[in-house]
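Read through the structure below, which is laid out as structure tokens, and then see the notes.
The values are calculated or read from the model by the stated rules, or taken from the named source; none is laboratory data. None of the values given here were measured: they were computed from a predicted structure. Here the Cβ positions follow ideal geometry from the backbone for every residue, glycine too, while neighbour counts run over all protein chains shown. Surface accessibility is based on the protein's heavy atoms, side chains included, excluding ligands, DNA and RNA. Shrake-Rupley method; radii C 1.70, N 1.55, O 1.52, S 1.80 Å.
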Amino acid sequence: MLTAPQLRDAIEAVLVKDPEGLIVDLTEVAFLGSAGMQVLMEAHNQTGDATRFAVVADGPATSRPLKITGIADLISLFATLDDALQNFAA
């Protein structure tokens with residue numbers, strides 16, 4: 001809840017540049033709550049078809065909440081940054 005606004009600001013700063021892709025790496029995140037998941041869904045909705053969007057999350061603190069809520073069915077989810085980068089490069 002405390003860091004969700006920072007995540008939102010960082011994502012918006014990138015999306016204003018119309019990138020081809022955006023990867024949010026949650027590897028160092030110890031807790032992903034509803035506020036953070038809402039920011040990820042907002043980012044997913046903002047990217048549309050023009051920008052590829054993915055999240056790096058592995059483990060119970062990040063990937064588990066995304067899977068339980070069904071967000072992982074909507075957003076490309078990868079266990080490592082390397083996996084996400086390889087997918088974007090393909």
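In table form, for the structure just shown:
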quantity: Base-10 log of normalised Debye intensity for the chain (one unit scatterer per alpha-carbon) at q = 0.16 Å⁻¹; calculated: -0.58
quantity: In order through the stretch 63-73: 3J(HN,Hα) via Karplus (6.51 cos²θ - 1.76 cosθ + 1.60), integer Hz, x for Gly, Pro; calculated: 5, 4, x, 5, 6, 4, 7, x, 5, 5, 6
quantity: Residue of LEU26, LEU74, LEU40 that the Gaussian network model of the chain assigns the largest fluctuation, springs spanning Cα pairs under 10 Å; calculated: LEU74
quantity: The chain: trypsin sites (Lys or Arg not before Pro) in DSSP coil with no more than 13 other Cβ atoms inside 10 Å; calculated: LYS17
quantity: Area of LEU77 that stays accessible when all protein chains are in place (1.4 Å probe, Å², to 10); calculated: 50
quantity: Residues with amide H under 5 Å from that of ARG52, placed H, sequence gap 5 or more; calculated: GLY21, LEU22
quantity: Accessible surface of the stretch 28-90 [probe 1.4 Å, protein heavy atoms]: carbon and sulfur percent; calculated: 52
quantity: Mean accessible surface per residue for the chain, computed with a 1.4 Å probe while every protein chain stays in place, in Å²; calculated: 63
